[in-house]
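The values are calculated or read from the model by the stated rules, or taken from the named source; none is laboratory data. No experiment lies behind these values; they were computed from the predicted model shown. Here the Cβ is made from the backbone with ideal geometry for all residues, glycine too, and neighbour counts use every protein chain on show. When the accessible area is computed, the model is the full protein with side chains, heavy atoms only, and any ligands, DNA or RNA have been set aside. Shrake-Rupley method; radii C 1.70, N 1.55, O 1.52, S 1.80 Å.
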Amino acid sequence: QLQLVESGGGLVPPGGSLRLSCAASGFTFSSYFMSWYRQAPGKERELVAGITSDGGGTHYADSVKGRFTISRDNDENTVYLQMNSLKPEDTAVYYCKRDQRSRWWGPTSGYWGQGTQVTVSS
């Protein structure tokens, strides 16, 4: 029943912006911490950003801090990742993940979407 469906990926030039969406269903979305991860070819999956259940707390990887913003709309069961000032090194498949009710899971735990491809290239 649980589903996480990412969308919004695509091809953008360096310096461009993109907003990813993750539509959640099959659970009480507002009760769970949510995260965005990404995985580039040949690299391990890494945390990009996380957000608490009420949206009041966020954290970001140093590599995206100041450029990316995670947010959520609990009425729409959707978590977003606004990506600005994109760099080629941001190229990866981006995954939405459900964490726990009041804590974070690590990179190998949780419930994952299928991912959406983000390619930053001129």
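The distance between label points at E44 and A61 comes to 1.2 nm (points 7 Å beyond Cα on the Cα→Cβ vector). Rounded to the nearest 20 debye, the dipole magnitude of the chain is 180 debye, with +1 charges on Lys and Arg beta carbons, -1 on Asp and Glu beta carbons, and the Cα centre as origin.
Over the chain, all Cα pairs binned in 10 Å intervals from 0 give whole-percent P(r) values of 15, 51, 29, 5, 0, listed from short to long. Which FRET efficiency value, to the nearest 0.05, do you get for N84 and W105 by plugging their Cβ-Cβ distance into 1/(1 + (r/R0)^6) with R0 = 35 Å? Computed FRET efficiency for N84 and W105 comes out at 0.85. Take E89: with every protein chain present and a 1.4 Å probe, its accessible area is about 120 Å². Counting only protein heavy atoms and using a 1.4 Å probe, the accessible area of D73 comes to about 50 Å².
Placing L18, L86 in order of accessible area, with the largest value first and a 1.4 Å probe, yields L18, L86. Rounded to the nearest 5, the antiparallel percentage of DSSP beta bridges internal to the chain is 90%.
Shown for region 1-87: the carbon plus sulfur share of the solvent-accessible area, taken with all protein chains present and a 1.4 angstrom probe, equals 43%.
Using the Karplus relation 6.51 cos²θ - 1.76 cosθ + 1.60 with θ = phi - 60°, the per-residue 3J(HN,Hα) values for region 55-62 come to x, x, x, 9, 8, 9, 5, 4 Hz, with x marking Gly and Pro.
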